[in-house]
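Asks: Can you keep this structure in mind? I'll have questions shortly.
The values are calculated or read from the model by the stated rules, or taken from the named source; none is laboratory data. Computed from a predicted model, the values in this text were never measured in an experiment. Note: ideal-geometry Cβ built from the backbone for every residue, glycine included; neighbour counts use all protein chains shown. Heavy atoms of the whole protein, side chains included, go into the accessibility calculation; ligands, DNA and RNA do not. Shrake-Rupley method; radii C 1.70, N 1.55, O 1.52, S 1.80 Å.
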Amino acid sequence: MDMYANNTVAGKIGERAMAEKSNAVKMRGENVNVFYGEKQALFDVNLDILENQVTAMIGPSGCGKSTFLRCLNRMNDTIDVCRVTGKITLDDENIYDPGVDVVELRARVGMVFQKPNPFPKSIRENIAYGPRIHGLTRSKTDLEEIVVTSLQKAGLFEEVKDRLDAPGTGLSGGQQQRLCIARAIAVQPSVILMDEPCSALDPIATAKVEELIDELRENYTIAIVTHSMQQAARVSQRTAMFHLGNLVEIDQTDKIFTNPEDKRTQDYITGRYG
Amino acid sequence: MTDMTTASPAAVARNAGSLLEHGDRTRNRHASERRFRILGLIAVGFGILALVGLLTSILVNGVSSFRQTYVTLDVQLDEAKLDKTGNRNTEELRKVTTFVYAPLIEKALAQFIEERGIAVEGLTKKDVSGIISKEAPASLRSVVLADPSKIGGTVSFDVLTDGRIDGYYKGRVTMASAELDRNVSPAQLKLADALKDAGALNTRFNWDFLTAPDASDTRPEAAGLGVAILGSAYMMLIVLALSLPIGVAASIYLEEFAPSNRITDTIEVNIANLAAVPSIVFGILGLAVFINYAGLPQSAPVVGGLVLMLMTLPTIIIATRAALKAVPPSIREAALGIGASKMQTIFHHVLPLAAPGILTGTIIGLAQALGETAPLLLIGMVAFVREYPSAPPEGFFDPASALPVQVYNWTQRGDPAFVERASGAIIVLLIFLVIMNGLAILLRRRFERRW
């Protein structure tokens, strides 16, 4: 395990780090604290998510990485007892400002979930739903175009072009997850959040989704929570390590995986715990 | 085999010996499993037996109510008696009562007997006409009023026979029982047999049982379920139209929007309690609120419908909340995640997925309401109603009866012919209930979704 983390993974990251350029801050968390009732789940998290990069969040179960991710599009609002303090900005605007409408926010910050969750409707309807409720198109032909381009961007179009009216739930797990990504893209967000998007998929489907994430980086800012260190190493440019509700460290992915500053990160990526 | 005193003796004993030889514990376990299975079988068998017994007794008693005995007679509609002025004025024709029509039928019967030479010794004129139902003149009158041009001619008319004569052909009345009965004599039964031989008397399917209104105590042969079926249908319409939207709206609010605090907790507990409140309590409430306070008419489907709606609401709310809860949270997250508002999430995604469950709950609630009797007794729906309620919405305020109340009503009456009618009404009620429950099962099967 040690060998693997230090050699193979690090080798791959090296190449990618070379191509990297400095990016603007897309989202920023400042002193973010999250409480579930009495229990505090996140402690003073300060974290930047850079534009057109993939930011991975790793850490053992219950460390708060998913909680932080769900703060970024205020999905935690749906939980009654959840309370968020501090500031999270999207393009320098505080998304927790009372004047912010969550619907608008979520249209800009899309989300893909752990378990593929297509609507029990047709593939076309799955994609078209978002653009329709946000009034992105006026005509049917425009809508159809969005459906096609979204599916193309998600790399699913060739596989499903003959059965757009078949139910989305009838696809394989990997296809369903790419359908969910296409559905998120269709709303034309600027940020896409992914909560362990490959944990329910087999290795081949995982590889396809990872490839897709890498392509999407061109046009979108992506934050991904993952349990797989290899995945974080493969797809991300920056990695944030969480532990017990604290952000342990955040840095270039190659740095985190080759030369972490914190002992806890070192232990985690080498498989000593978590 | 093993020394039980050594370390961890149980483990040793367990792993030693053949799997095919059963120890005491295994034998005991098998025996208790067998006992439980037999007990279960006995319980199921008892239930089936009770159901079969119930259905057989109802069918044996009630099926005959769907058949009725008639005498076909050529009745001469004497213009001199029915329309003295001869101008077929409907107003004036209405003034002619059934007392004028009765002799026409009696005459037709006497004529028929004379023509065929049927012996009537020992029977007075009154005895002969006694085999005809007292309802027959009224039926003839309504035929004439429906088509006054028939006056002056002769019509072939199916005359309803008296309940005892009808009972004779259904096995309820025998020669022996007729001896003791002051309402019917064996000679009358013989006359009926003679008429049957002459081809005038026959027993056929009884549509009137489903369409005719109730009849008085002395005319069980004419009693029908028409008003009761209409009344029940009106009430079900009201219950459906009110309790479905109110129940679903309340459930959606409680399940999706309401903050979880003490007030909503109290409401939840009380809804569950409301489902267990005896139905007669709702009747008292209906009497006090809808009739005494709001001044709505008694015996009206609108009051019955409102009371039954109150009764059905808890059932629908509980079923709807269960159906909403059963929609996986991932669907909600998916919709919220692409920026659907809470309302959009619920109405576009959650509600359609919960719809089969909601409909099933609603139909079962309606079926309960259809069979409910006690609250209707209190709001006066037990009244004797012969007038059909008019078409809705005015008809909601007209007096009407209801199926279960009609059953209750008929079982209170003296004439044994009403036992047959009551059982027949139960069969009709059961058919409706089976159809409704079947629909609920069908909906559930048809729209059941897997995620």
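Asks: Classify segment A:2-269 from the C-alpha gyration tensor, please: rounded if a/c falls under 1.5, else prolate or oblate depending on whether a/b exceeds b/c. Each step should come with its number before you reach the end.
Replies: On the way: a/c = 1.82, a/b = 1.29, b/c = 1.41.
Judged from the Cα gyration tensor, segment A:2-269 comes out oblate (a/c at least 1.5, b/c at or above a/b).
Asks: Under a 5 Å amide H to amide H cut-off, with H placed in plane at 1.01 Å, what residues pair with A:Leu42 once short-range neighbours are removed?
Replies: The answer is A:Val34.
Asks: Using a 10 Å cut-off on Cβ atoms, rank the peptides A:204-216, B:418-430, B:176-188, B:153-165 from the highest mean neighbour count down.
Replies: Ranking the peptides A:204-216, B:418-430, B:176-188, B:153-165 by packing returns B:418-430, B:153-165, A:204-216, B:176-188.
Asks: Kindly provide the pair-distance distribution of segment B:223-345 built from C-alpha pairs, with 5 Å bins from 0 and whole-percent values in order of increasing distance.
Replies: Bin by bin from 0 Å, the calculated values are 2, 10, 15, 17, 17, 13, 10, 7, 5, 4, 1, 0, 0.
Asks: Could you work out the helix-only [θ] at 222 nm for the protein assembly as shown, with each DSSP H run of four or more residues adding -39,500 (n - 2.57) and the total divided by the number of residues, to the nearest 500 deg cm²/dmol?
Replies: Per the formula, -15500 deg cm²/dmol.
Asks: On to the next question. Using only protein heavy atoms and a 1.4 angstrom probe, determine the accessible area buried between A and B, summed over both sides, in Å² to the nearest 100.
Replies: Roughly 1700 Å².
Asks: Another question, if that's okay. Counting only C-alpha contacts under 8 Å and six or more residues apart, can you give the relative contact order of chain B as a whole percent?
Replies: For chain B, the relative contact order is 18 percent.
Asks: Got a sec to turn the phi values of segment A:87-97 into Karplus ³J(HN,Hα) couplings, 6.51 cos²θ - 1.76 cosθ + 1.60 with θ = phi - 60°, whole Hz, x for Gly and Pro?
Replies: 9, 10, 10, 10, 6, 6, 10, 6, 6, 9, 4
Asks: Please compute the per residue accessible area over chain B with all protein chains in place, 1.4 Å probe, rounded to a whole number of Å².
Replies: For chain B, the per-residue accessible area is 53 Å².
Asks: What percentage of the solvent-accessible surface of segment B:67-205, computed with a 1.4 Å probe over protein heavy atoms, is contributed by carbon and sulfur atoms? Could the numbers behind the result be given before it?
Replies: On the way: 3660 of 7260 Å².
Answer for segment B:67-205 is 50 percent, counting heavy atoms of protein chains only.
Asks: What does the charge count near A:Ala128 come to, summing +1 for each Lys or Arg and -1 for each Asp or Glu among other residues with Cβ under 14 Å from its Cβ?
Replies: +1
Asks: Only counting protein heavy atoms at a 1.4 Å probe, give the residues of segment A:104-120, ordered by number, whose accessible area falls by 30 Å² or more when the other protein chains are present relative to the chain alone.
Replies: A:Arg106, A:Phe113, A:Asn117, A:Phe119, A:Pro120
Asks: Moving on to the next point. Can you give the translational diffusion coefficient of segment B:307-451 in µm²/s, computed by Stokes-Einstein from the Kirkwood radius over Cα pairs at 20 °C and 1.002 mPa s?
Replies: The estimated diffusion coefficient comes to 118 µm²/s.
Asks: Show the residues, 5+ positions off or on another chain, whose built amide H is closer than 5 Å to the amide H of A:Gly59.
Replies: A:Phe242
Asks: When only alpha-carbon atoms are used, what values of Rg and Dmax, in angstrom, describe segment B:150-304?
Replies: Expressed in Å, the Cα Rg and Dmax of segment B:150-304 come to 26.5, 81.
Asks: Over segment B:226-447, calculate the relative contact order: mean separation of alpha carbon pairs under 8 Å at least 6 apart, over the residue count, as a percent. Don't skip to the answer; put the middle values down first.
Replies: Numbers: 301 pairs, mean separation 68.5, N = 222.
Relative contact order here is 31 percent.
Asks: Taking the solvent-accessible surface of protein heavy atoms with a 1.4 Å probe, what is the per residue accessible area of segment A:2-269 in Å²?
Replies: For segment A:2-269, the solvent-accessible area averages 43 Å² per residue.
Asks: Residue by residue through segment A:32-37, which ³J(HN,Hα) values in whole Hz follow from phi under the Karplus form 6.51 cos²θ - 1.76 cosθ + 1.60 (θ = phi - 60°), with glycine and proline marked x?
Replies: 7, 10, 10, 10, 9, x
Asks: Can I ask one more? Give, ordered by residue number, each residue of segment B:317-346 whose 1.4 Å probe accessible area is reduced by a minimum of 50 Å² on adding the remaining protein chains to the chain alone.
Replies: B:Glu333, B:Ala334, B:Leu336, B:Gly337, B:Ile338, B:Gly339
Asks: Given a 1.4 Å probe and every protein chain left where it sits, what share in percent of the accessible area of segment B:296-418 is carbon and sulfur?
Replies: On the way: 2780 of 4150 Å².
Roughly 67 percent, rounded to a whole number.
Asks: Rounded to whole Å, give me the distance from the Cα center of segment B:115-138 to that of segment B:330-396.
Replies: About 54 Å separates the Cα centre of segment B:115-138 from the one of segment B:330-396.
Asks: Here's another thing I want to ask about it. Amide H to amide H, which residues 5 or more places from A:Ile88 or on other chains are under 5 Å from it, using H placed in the peptide plane?
Replies: It is A:Glu30, A:Ile95, A:Tyr96, by chain and number.
Asks: Let me ask something else about it. Go through segment B:191-203 residue by residue and turn each phi into a ³J(HN,Hα) via Karplus (6.51, -1.76, 1.60, θ = phi - 60°); whole Hz please, and just put x for glycine and proline.
Replies: Result, rounded to whole Hz: 4, 4, 4, 4, 4, 5, 4, 6, x, 8, 9, 8, 10.
Asks: Translational diffusion coefficient of chain B at 25 °C, 0.890 mPa s, Stokes-Einstein with Kirkwood Rh over Cα pairs, in µm²/s as a whole number. Intermediate results must be reported in sequence, preceding the final value.
Replies: Values: Rh = 27.3 Å.
Rounded to a whole number, D works out at 90 µm²/s.
Asks: Turning to a different aspect of this structure: Using the alpha carbon gyration tensor of segment B:67-205, what are the three equivalent-ellipsoid semi-axes (square root of 5 times each eigenvalue), largest first, in whole Å?
Replies: 29, 14, 13
Asks: Could you work out the relative contact order of segment A:2-269, using alpha carbon pairs under 8 angstrom and six or more residues apart, expressed as a whole percent? If you can, show how the numbers build up before the last one.
Replies: On the way: 511 pairs, mean separation 77.5, N = 268.
Averaging sequence separation for qualifying contacts and normalising by length gives 29 percent for segment A:2-269.
Asks: Determine by what factor the alpha-carbon radius of gyration of the protein assembly as shown differs from 2.2 N^0.38 Å, reporting the quotient. It would help to have the intermediate numbers written out before the result.
Replies: Values: Rg = 39.9 Å, N = 725, 2.2 N^0.38 = 26.9 Å.
Compared with the compact-globule rule of thumb, the protein assembly as shown sits at 1.49.
Asks: Quick one: dipole size for segment B:226-447, taken about the Cα centre, charges +1 on Lys/Arg Cβ and -1 on Asp/Glu Cβ, in debye to the nearest 20.
Replies: 460 debye
Asks: Ignoring any ligand, DNA or RNA, what whole percent of the accessible area of segment A:2-269 comes from carbon and sulfur when the probe is 1.4 angstrom?
Replies: Carbon-and-sulfur percentage of accessible area, whole number: 47.
Asks: Here is a follow-up. Would you please put B:312-321, B:190-199 in order of how densely packed they are, using the mean number of other Cβ atoms within 10 angstrom per residue and starting with the highest?
Replies: B:312-321, B:190-199
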